[in-house]
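These notes are about the structure you will find just below.
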Amino acid sequence: MNWSAIGAVFLALAVLIGAFGAHALQGRLDAYSRGVYETGVIYHFFHALGILIVSILPRVGALSESRASSVCWLLAAGILLFSGSLYTLAVSGVRTLGAVTPFGGISFIAAWVLLAYWLIRGK
């Protein structure tokens, strides 16, 4: 899988979704929903950047291709679950969707802990 390209696409989507929130949703969301939406965008952006960075690690010999792919899968799942649920919650107002968000957070945490473990342990 080309995780560099996927990271770039996720970054483009973060900008697009952020701009949509800032312009198309302006005046349509209350302060709470705006904050929820913005949190989704911030986490989306940083973790998409993480995918891009992790995808480069095998090229510099810091991590095997399969290990980098595992971390990238967890980061992608986190973006979809964490940020996706926050976007949906903010726009729809359905609070029960917030129950999905922690699974995305766990995915983010697992990705970073796994990356740290493999970088400390070495190839």
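Restricting the search to the stretch 93-123, which residues are among the hydroxyl-bearing types (Ser, Thr, Tyr) and at pLDDT below 95? Result: THR96, single match. When the stretch 75-123 is limited to residues that are surrounded by 16 or more Cβ atoms within 10 Å (Cβ to Cβ) and more than 28 Å from ARG34 (Cβ to Cβ), the one that is farthest from the chain's Cα centre (by Cα) turns out to be TRP118. Would you check if there is a residue in the stretch 8-29 being in contact with a Leu (Cβ under 7 Å, 6 or more places away or on another chain) and at pLDDT 95 or above? Yes; the residues of the stretch 8-29 include at least one that is in contact with a Leu (Cβ under 7 Å, 6 or more places away or on another chain) and at pLDDT 95 or above. Counting only helices (runs of 4 or more DSSP H) that sit wholly inside the stretch 21-123, those with at least 1 residues that are over 19 Å from GLY7 (Cα atoms) and of a type in the set (Ser, Thr, Tyr) are 31-56, 84-92, 101-121.
The values are calculated or read from the model by the stated rules, or taken from the named source; none is laboratory data. Note that the structure is a prediction, hence the values are computed from the model and not measured. Here the Cβ is made from the backbone with ideal geometry for all residues, glycine too, and neighbour counts use every protein chain on show.
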